[in-house]
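Trainee: Quick one: the structure is below, questions incoming.
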Ligand code: FVH
């Protein structure tokens, strides 16, 4: 990283729980950092650490070659940009606000109509990890714009460019959150079941962690099957799995706990079996996930 990259100025607009962590990481990494927030007082601690307070949002949008937006939602981003007539031709907007891929693509179109270069992003981290390698920040949009600012963005954590489609970061975010909540729901189902037998959550957690880690090891091989479209039953056939799924439902019903998740698991498998895939391996279910449900 040469001296010009380490000294590259950056602006952060939106100093909520996440925005203030972003600005603090840039400051700590030695970047001249301009900050602006709708409620000005939230900028005070960062100004005390050496940040420059932008007097207006127009000033904030034109203060640095990289302007990071981190607001509540895309509506807030649109309101803020629409209320400004600043010349955006001298900055790259990086929007780290959560939203949908459609919102990201629309925001890119609107920004580019204003002459700005636009990157979209998704933060797969909590504020306290920003500035460490544990903070994964995903980006999508023109690769040259990402490359131009990668050194600065590296102050936030582990940064990745996913591709030119501005919607990719949001799609990865949705996919990642689907996995996160699905794993948590599965763990809660098992915890609820075992608690009926007097097993507390702390006793089950190490086993659950081992199961989650074991399943994670299967993903590369399963991905090869999906990408090749061939699902030979090397470990077990879907029909065998489906018989075990019955037990999940029976146990949950017998224990008097919620059985909706086991029923959904079985329903997806039954559809694939009805479509003739009973003798194939579990990833063949991708066909059921790839179409709208009933
Ligand atoms: N916090 C987290 O762990 C998650 C991690 C994953 C990514 N999310 C997303 O990051 C965006 C910001 O989240 P946040 O936690 O910082 O949210 P707040 O603390 O509520 O701060 C919101 C900021 O947005 C400003 N704001 C809201 N509406 C407007 C508007 N119309 N015009 C200008 N600014 C606006 C708000 O300003 P103020 O209320 O302080 O005046 C805050 O600065 C979000 O998309 C998460 O999903 C965080």
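We did not get these values from a lab; they are worked out from the coordinates using the rules stated. Note that the structure is predicted; figures quoted are calculated from it, not measured. Using ideal geometry, Cβ is built from the backbone for each residue, glycine included, and neighbour counts are taken over all protein chains shown.
Trainee: Regarding the range 16-100, what's the average projected area of the Cα-atom convex hull, expressed in nm²?
Mentor: Convex hull of Cα atoms, orientation-averaged projection: 5.3 nm².
Trainee: Something else about it: Assuming a ≥ b ≥ c are the square roots of the Cα gyration tensor eigenvalues, decide whether the range 10-164 counts as rounded (a/c under 1.5), prolate (otherwise, with a/b larger than b/c) or oblate.
Mentor: Rounded is the answer for the range 10-164, as its axis ratio a/c remains below 1.5.
Trainee: Per DSSP H run of n ≥ 4, the term is -39500 (n - 2.57); total these for the chain, divide by its residue number, and report the mean residue ellipticity at 222 nm rounded to 500 deg cm²/dmol.
Mentor: So the calculated ellipticity at 222 nm is -16000 deg cm²/dmol.
Trainee: Relative to the present Cα-Cα distance, how much length would full extension add between residue 239 and residue 7 at 0.36 nm per residue of separation?
Mentor: Extending this stretch completely gives an extra 77.5 nm.
Trainee: Still on this structure, please answer the following. From zero outward in steps of 10 Å, how is the percent of C-alpha pairs of the range 205-259 spread across the bins?
Mentor: Taking all Cα pairs of the range 205-259, the binned fractions are 19, 33, 37, 11, 0 percent.
Trainee: Can you check how the C-alpha radius of gyration of the chain compares to 2.2 N^0.38 Å, as a plain ratio?
Mentor: Ratio of Rg to 2.2 N^0.38 Å for the chain: 1.24.
Trainee: I've got another one for you. Fewest Cβ neighbours within 10 Å first, please rank 132, 92 accordingly.
Mentor: 132, 92
Trainee: A further question follows. Could the peptides 173-181, 121-129 be put in order, highest first, of the mean number of other beta-carbon atoms found within 10 Å of their residues?
Mentor: Sorting 173-181, 121-129 by mean packing, highest first, produces 121-129, 173-181.
Trainee: Cβ neighbours within 10 Å, averaged per peptide: list 183-191, 104-112 in order, most packed at the top.
Mentor: By packing density, highest mean first, the sequence is 104-112, 183-191.
Trainee: Diagonalise the Cα gyration tensor of the range 171-289 and give the resulting equivalent ellipsoid semi-axes, square root of 5 times each eigenvalue, largest first, whole Å.
Mentor: Ellipsoid semi-axes (Å, largest first): 26, 18, 13.
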